[in-house]
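Here's the structure, in structure tokens; my notes come after.
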Amino acid sequence: MPKAKVDGVEVEFEPGMNVLQVAELAGKEIPRFCYHERLSIAGNCRMCLVEVKPGPPKPQASCALPAAENMEIFTDTPMVKKARHGVMEFLLINHPLDCPICDQGGECDLQDQAMGYGRDDSRYAENKRAVEEKFMGPLIKTVMTRCIQCTRCVRFITEVAGVPEIGLISRGEDVEITTYLDKAIASELSANVIDLCPVGALTSKPYAFNARPWELKKTESVDVMDALGSAIRVDARGPAVLRVLPRINEAVNEEWISDKTRYAVDGLSRQRLDRPFIRENGKLRAATWGEALSAVAARIKATAPERMGVIAGDLQDAESMKAALDLFGGLGVKSLDCRQDGMVLGAGPRESWLFNSTIQGLEDADVILLVGSNPRLEAPVLNARIRKRWLAGAARVGVVGEAADLTYSYDHLGAGPASLSGLAKSKSDFMTPLKGAKKPAIIVGAGALTRPDSPAVLQAAAGVAKAFGMTWNVLHTAASRVGGLDLGFVPAEGGKTAAELAGKGGADLLFLLGADEVDLSKSGAFVVYLGTHGDAGAHRADVILPGAAYTEKNGLYVNTEGRVQMGFRSVFPKGEAKEDWAILRALSERLGATLPYDTLDQLRARLFADHPTFGRIDYVPSEPAALDLGALGRKGELSDAPFMGAVRNFYLNNPIARASVTMAECAQVASGAAKIAAE
């Protein structure tokens, strides 16, 4: 490996690295505004100036200068310090210096670097320029007079999000960042530009003037808005969650999160269930915990096990599902299901329902086939990773399903099962790279696995994967799904599925564990709802037991690739609400079938003993286990109906999001119902 000297210290570096990266390898801090390791190099701000030998006797931008063998780099010479002072002085000529009213205060790169690398005075007395504010949608607040034209937002939206709707117009001192025709940014990742902005030009509109960073309690946790399990940080003050920010996790979300992950949090404080309720004479009345649990216990005792069913929702943690499984399984109930949407997977080896390539490993795939999946809506961060691979020219993408805008070009191979089953005989241009691929991958979405003909679709997809040596991947949409399948939260022999339980005469007693996406319009069952929001499940319930949201409990979640991750409590449950497993533990006492654990640690010990995969926190195998693709699915008649994406409305597909005012605004803009431009 080549070597260079940084302030007299010799370091080895990989070929292709720039001077800034080499300096950081030596432990030197290089100030920067425009440079970001995940974006292309712009070289705009000139803050990262260093002195280099051999080379001209002048400061040079380290981000745009390739490192070379035997190069000498100087980061703190008088020339460099003077140059950085000058650059900072220029940057502050027009900056309004309105830190007391700026939401970026306390976490602003410009503040920090002005203190570390700026002068203590200015030689400019001219009037500052002003720039009109821009409209970027309901999420991004703009104060463009603060902008220093680093273009991070432009590069992110163009390169990572794949929606080139922010750009630079004019020249010289008239240059401005703006959107096309003042239109709202049509990306599910748009708010990441707020984290990227090094000044207060782009800030969070829903969070505006709410709090300063030093007032907040910060808790590291995991996202449940989709099945990816993005690493997040939950910031709370008192009993309220005020914001969610991304954490770096190279294996899952890099450092991006979707807009729903970031902004659905206002739904945590709206339409909440904060006390038990019992329905009497057609109306719900507030009750005590003793009354509610006694009513549920009496009804369970009076109902035969074969006439009872339990359905787990999409946001459940593994501990609550384990407690429900232990309690109702112990009572002889066979009809338990974690698949609200009717997904066909749930039997056989674990690898049959996992994303076996792994999220990070997908960057090694040279051909990707999407079947019944729209990753842009089902997992926007994963879609950005596919785009990253495609943008490098290293992957060819084929789609069997909806011809949606995925932010990258692809070969549309057909809309339904017929195209999938006939793929081997297809004469499409896609077949040539597929046949010659070294690491092809198939991604089967919930849109292909939640249909009446899904067993036959599953067999057809597995047949294609086997024929071309493709790695088998299932992209789930529910954060609880893989955990539930790993637990065996599916009907036992003779049990009924979620759809059968919800149908006419399907059950006499139905226990909904946070399940809000099940149509109970035909069911005449006595419904017990344990959940967080006054959503569909609570509207239909005869007894409501208020549970804890994902920010209000410690819990284990398993993402679509089978990675077990820990979520941590940021605030306490609302009102009289309790953690889900604790409610089930209390109910078990009333039933005379007390569960054998009194604390969360004891429950987890039981969980790890019964299901060892849950004890391997943050682990996924580097190579997927062998999977018999020929055993997946079963023969049957394929429907002519085209595949439809599982997520129809990205912003309103779970109880927390539906309670969010911000998500409602986003959905309105996305549908075109709201004014989206300067009309």
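The values are calculated or read from the model by the stated rules, or taken from the named source; none is laboratory data. All of these numbers come straight from a predicted model, not from anything done at the bench. Cβ coordinates were reconstructed from backbone atoms using ideal geometry, including for glycine residues, and neighbour counts include every protein chain displayed. For accessibility, only protein heavy atoms count, side chains too; no ligands or nucleic acids. Shrake-Rupley method; radii C 1.70, N 1.55, O 1.52, S 1.80 Å.
Could you list all residues from the stretch 396-422 that are within 24 Å of T158 (Cβ to Cβ) and of a type in the set (G, A, S)?
Selection gives A403, A404, S409.
Would you confirm, using the coordinates I've provided, whether G200 is buried (at least 20 other Cβ atoms within 10 Å of the Cβ) and touching a Ser or Thr at 6+ places or on another chain (Cβ under 9 Å)?
Here the answer is no, as G200 does not meet what is asked.
Out of the stretch 97-153, which residues are assigned to a helix (DSSP H, G or I) and under 27 Å from the mean Cα position of the chain (by Cα)?
Across the stretch 97-153, the qualifying residues are D109, R152, C153.
Of all residues in the stretch 427-472 being more than 15 Å from L345 (Cβ to Cβ) and of a type in the set (S, T, N, Q), which is surrounded by the fewest Cβ atoms within 10 Å (Cβ to Cβ)?
The selected residue is T432.
Can you tell me which residues in the stretch 154-195 are more than 17 Å from the chain's Cα centre (by Cα) and of a type in the set (S, T, Y)?
Hits for the stretch 154-195 are T158, S170, T178, T179, Y180.
Return the total of residues in the stretch 526-549 being surrounded by 24 or more Cβ atoms within 10 Å (Cβ to Cβ) and outside any strand (DSSP E or B).
6
Checking K301 against (1) surrounded by fewer than 24 Cβ atoms within 10 Å (Cβ to Cβ); (2) under 27 Å from the mean Cα position of the chain (by Cα): exactly one of these is not met. Which one?
Failed condition: (2).
Okay, residues lined up against (1) at pLDDT below 95; (2) at negative phi; (3) in contact with a helix residue (DSSP H, G or I) (Cβ under 7 Å, 6 or more places away or on another chain); (4) not acidic (D, E):
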residue: G8; (1), (2), (3), (4): yes, no, no, yes
residue: F13; (1), (2), (3), (4): yes, yes, yes, yes
residue: M17; (1), (2), (3), (4): yes, yes, no, yes
residue: G27; (1), (2), (3), (4): yes, no, no, yes
residue: Q60; (1), (2), (3), (4): yes, yes, no, yes
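Looking at (1) out of contact with any helix residue (DSSP H, G or I) (no Cβ under 7 Å at 6 or more places or on another chain); (2) under 30 Å from N210 (Cβ atoms); (3) not aliphatic (A, V, I, L, M), which is the only condition F90 fails?
Against the list (1) out of contact with any helix residue (DSSP H, G or I) (no Cβ under 7 Å at 6 or more places or on another chain); (2) under 30 Å from N210 (Cβ atoms); (3) not aliphatic (A, V, I, L, M), F90 comes up short only on (2).
Could you list all residues from the stretch 616-660 that are among the hydroxyl-bearing types (S, T, Y), surrounded by 13 or more Cβ atoms within 10 Å (Cβ to Cβ) and over 18 Å from the mean Cα position of the chain (by Cα)?
S639
So which residues in the stretch 522-551 are closer than 19 Å to S480 by Cβ and in contact with a helix residue (DSSP H, G or I) (Cβ under 7 Å, 6 or more places away or on another chain)?
Listed by number, the residues that qualify are V528, Y529, L530, G531, T532, H533, D535, L545, G547, A548, A549, T551.
May I ask you to list pairs of residues, at least six apart or on different chains, whose Cβ atoms are under 8 Å apart, with the first in the stretch 154-165 being touching a residue at least 12 places away in the same chain (Cβ under 8 Å) and open to solvent by 10 Å² or more (accessible area, probe 1.4 Å) and the second being assigned to a helix (DSSP H, G or I) and among the small types (G, A, S)?
The qualifying pairs are V160/A384; G162/A384.
Answer yes or no: is there a residue in the stretch 334-357 that is in a loop (DSSP other than H, G, I, E, B), crowded, with 18+ Cβ neighbours inside 10 Å and among the acidic types (D, E).
The answer is yes, given that some residue of the stretch 334-357 is in a loop (DSSP other than H, G, I, E, B), crowded, with 18+ Cβ neighbours inside 10 Å and among the acidic types (D, E).
Of the residues in the stretch 29-60, how many are assigned to a strand (DSSP E or B) and either open to solvent by less than 10 Å² (accessible area, probe 1.4 Å) or charged (D, E, K, R) (or both)?
4
Output the residue which, of all residues in the stretch 244-255 that are over 20 Å from S373 (Cα atoms) and assigned to a loop (DSSP other than H, G, I, E, B), is most open to solvent (accessible area, probe 1.4 Å). Talk me through it step by step, then tell me what you get.
Let us first name the residues in the stretch 244-255 that are over 20 Å from S373 (Cα atoms), namely 244-251, 254-255.
Next, from what is left, pick out any that are assigned to a loop (DSSP other than H, G, I, E, B): 247-248, 250-251, 255.
Details: R247: 65, I248: 111, E250: 83, A251: 21, E255: 36 Å².
If we take residues in the stretch 244-255 being over 20 Å from S373 (Cα atoms) and assigned to a loop (DSSP other than H, G, I, E, B), then I248 is most open to solvent (accessible area, probe 1.4 Å).
For the stretch 473-486, enumerate the residues that are open to solvent by 10 Å² or more (accessible area, probe 1.4 Å) and either in a helix (DSSP H, G or I) or free of Cβ contacts under 8 Å to residues at least 60 places away in the same chain (or both).
D486, the sole residue that qualifies.
Would you please name the residue that is farthest from G592 (Cα to Cα), looking only at residues in the stretch 309-363 that are out of contact with any Gly (no Cβ under 6 Å at 6 or more places or on another chain) and among the basic types (K, R)?
Only one residue tops the list, namely R350.
Can we say D580 is at pLDDT 95 or above, more than 26 Å from the chain's Cα centre (by Cα) and among the acidic types (D, E)? If you could, list the steps in order and put the result at the bottom.
On the way: at pLDDT 95 or above: yes; more than 26 Å from the chain's Cα centre (by Cα): no; among the acidic types (D, E): yes.
For D580, the condition - at pLDDT 95 or above, more than 26 Å from the chain's Cα centre (by Cα) and among the acidic types (D, E) - is not met.
Residue by residue, here is whether (1) more than 17 Å from A577 (Cβ to Cβ); (2) not in a loop (DSSP other than H, G, I, E, B) holds:
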site: A211; (1), (2): yes, no
site: E220; (1), (2): yes, yes
site: L228; (1), (2): yes, no
site: L242; (1), (2): yes, yes
site: I257; (1), (2): yes, no
site: Y263; (1), (2): yes, yes
site: D266; (1), (2): yes, yes
site: A292; (1), (2): no, yes
site: V296; (1), (2): no, yes
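Here is a yes/no grid of residues against (1) over 27 Å from A191 (Cα atoms); (2) open to solvent by less than 40 Å² (accessible area, probe 1.4 Å):
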| residue | (1), (2) |
| --- | --- |
| L369 | yes, yes |
| R387 | no, yes |
| S409 | no, no |
| K425 | yes, no |
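Could you check the stretch 307-332 and list, in sequence order, the residues that are open to solvent by 30 Å² or more (accessible area, probe 1.4 Å) and within 24 Å of R279 (Cα to Cα)?
Answer for the stretch 307-332, where residues must be open to solvent by 30 Å² or more (accessible area, probe 1.4 Å) and within 24 Å of R279 (Cα to Cα): just R307.
Scanning the stretch 493-525 for residues that are part of a loop (DSSP other than H, G, I, E, B) and aliphatic (A, V, I, L, M), which turns out farthest from V296 (Cα to Cα)?
That would be V518.
Are there any pairs with C-beta distances below 6 angstrom linking a residue in the stretch 61-84 that is polar (S, T, N, Q) to a residue that is open to solvent by less than 20 Å² (accessible area, probe 1.4 Å), with the two at least 6 apart or on different chains, and if so which?
S62/V19; S62/L20; S62/I30; S62/C48; S62/V50; T75/A23; T75/V50
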